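What follows is a single structure, written as structure tokens, with notes after it.
The values are calculated or read from the model by the stated rules, or taken from the named source; none is laboratory data. All values derive from a computational prediction rather than experimental measurement. Neighbour counts are summed over all protein chains in view; Cβ atoms, including those assigned to glycine, are modelled from backbone coordinates with ideal geometry.
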Amino acid sequence: MALTAQTILERNHLFRGLPAATIQQLCAVALRRTYKTGAIVFSQTDPGDALYGVVTGKIRISASSQEGKEIFLNIMEPGDTFGEIALLDGQPRTATATTTAPSELTVITRDDFFTVLHRDTKLVTHLLQLLCQRIRWTSGLAEESALLGVPARLARRLLSLGKFHGRETPSGTHLTISQEEIARFLGLSRQVVNQYLQHWKARRWVDLGRGKLTILDEAALRNVLAGNDALPD
């Protein structure tokens with residue numbers, strides 16, 4: 001059953017806890033758009049003119065360097081919202097959003113959003129909190145690249161994906177993500193990622209499948225993050 005705009009706004013951390021009247025104001029200006037697999041929702045450098053919420057499907061967020069190298073940043077699934085930064089400052093998009101499955105999105109344009117924002121101070125407070133969280137997240141990425149080794153970076157990213165995008169099952173936290181996607185997240189080759197994942201699978205820390213991964217032992221991955229694991233000789 002597809003999510004409604006109201007459900008997305010109420011569940012998402014950006015709007016969770018806001019008064020019902022504020023949620024209704026945002027729902028009133030929300031539009032619906034559908035996309036085929038592989039469609040570009042917006043491209044890096046496009047004008048930041050809307051906030052998006054995922055009703056159905058999956059969205060890949062990525063960025064490209066001047067040399068053309070793609071960096072895989074995030075995955076957006078039903079209930080998630082994206083496009084907040086460019087929506088707020090009106091500057092060009094800093095990343096590209098592409099569908100990886102047929103998707104339906106709820107869309108709130110910048111003009112409509114600011115109409116609501118200007119008359120609701122509680123919404124302003126929520127946005128400030130979100131921006132602070134994004135700054136912390138960006139700092140964490142910089143820390144990963146500068147200070148952490150490959151196994152710690154991989155463990156940290158799996159734990160983060162599990163927390164925000166995982167589905168709890170009796171065996172562990174299930175992620176619908178391929179090893180290629182994980183490799184792009186980290187700026188590594190698929191071969192390097194597979195080497196570590198196969199090592200962890202043998203230890204029953206993770207279970208692997210086609211386009212999916214299950215975290216079986218979070219404590220073991222946190223131990224890796226602390227620098228207490230390496231590949232066997």
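Remarks
- Restricting the range 3-23 to residues that are outside any loop (DSSP other than H, G, I, E, B) and under 13 Å from LEU117 (Cα atoms), the residue that is farthest from the chain's Cα centre (by Cα): ALA21
- Of all residues making up the range 24-53, the number that are among the charged types (D, E, K, R) and more than 21 Å from the chain's Cα centre (by Cα): 0
- If you go through the range 1-55 and keep only what is among the hydroxyl-bearing types (Ser, Thr, Tyr) and within 18 Å of ASP111 (Cα to Cα), you end up with THR22, TYR52.
- Just one of the listed residues (THR169, THR176, THR214) is polar (S, T, N, Q), under 27 Å from SER62 (Cβ atoms) and either in contact with a Ser or Thr (Cβ under 9 Å, 6 or more places away or on another chain) or surrounded by fewer than 16 Cβ atoms within 10 Å (Cβ to Cβ) (or both), namely THR214.
- Among the candidates ILE61, ILE85, residue that is within 20 Å of GLN129 (Cβ to Cβ), free of Cβ contacts under 8 Å to residues at least 60 places away in the same chain and under 16 Å from the mean Cα position of the chain (by Cα): ILE85
- Single condition GLY83 does not satisfy, out of (1) at positive phi; (2) surrounded by fewer than 17 Cβ atoms within 10 Å (Cβ to Cβ); (3) of a type in the set (Gly, Ala, Ser): (2)
- Sole exception among (1) in contact with an Asp or Glu (Cβ under 8 Å, 6 or more places away or on another chain); (2) within 20 Å of ASN74 (Cβ to Cβ); (3) modelled with pLDDT of 85 or more for HIS165, by number: (3)
Each row is one residue, and each column tells you yes or no for (1) of a type in the set (Ser, Thr, Tyr); (2) closer than 15 Å to VAL224 by Cβ.
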site	(1), (2)
LEU148	no, yes
PRO151	no, yes
ALA155	no, yes
SER160	yes, yes
SER171	yes, no
ARG184	no, no
ALA202	no, yes
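- Restricting attention to the range 184-211 and to residues that are touching a residue at least 24 places away in the same chain (Cβ under 8 Å) and among the small types (Gly, Ala, Ser), the residue that is nearest to GLU77 (Cα to Cα) turns out to be GLY211.
- Answer residue from the range 76-112, given it is in a helix (DSSP H, G or I) and modelled with pLDDT of 90 or more and is nearest to LYS36 (Cα to Cα) among those: ARG110
- Consider the range 90-116 and keep the residues that are hydrophobic (A, V, I, L, M, F, W, C) and either touching a residue at least 60 places away in the same chain (Cβ under 8 Å) or surrounded by fewer than 18 Cβ atoms within 10 Å (Cβ to Cβ) (or both). The one that is farthest from ILE40 (Cα to Cα) is VAL116.
Matching residues to (1) outside the structural domain of LEU161 (by TED's automatic domain parsing); (2) out of contact with any Leu (no Cβ under 6 Å at 6 or more places or on another chain); (3) farther than 11 Å from PRO151 by Cα:
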{"position": "VAL192", "(1), (2), (3)": "no, yes, no"}
{"position": "GLN198", "(1), (2), (3)": "no, yes, yes"}
{"position": "LYS201", "(1), (2), (3)": "no, no, yes"}
{"position": "GLY209", "(1), (2), (3)": "no, yes, yes"}
{"position": "LYS212", "(1), (2), (3)": "no, yes, yes"}
{"position": "ALA219", "(1), (2), (3)": "no, yes, yes"}
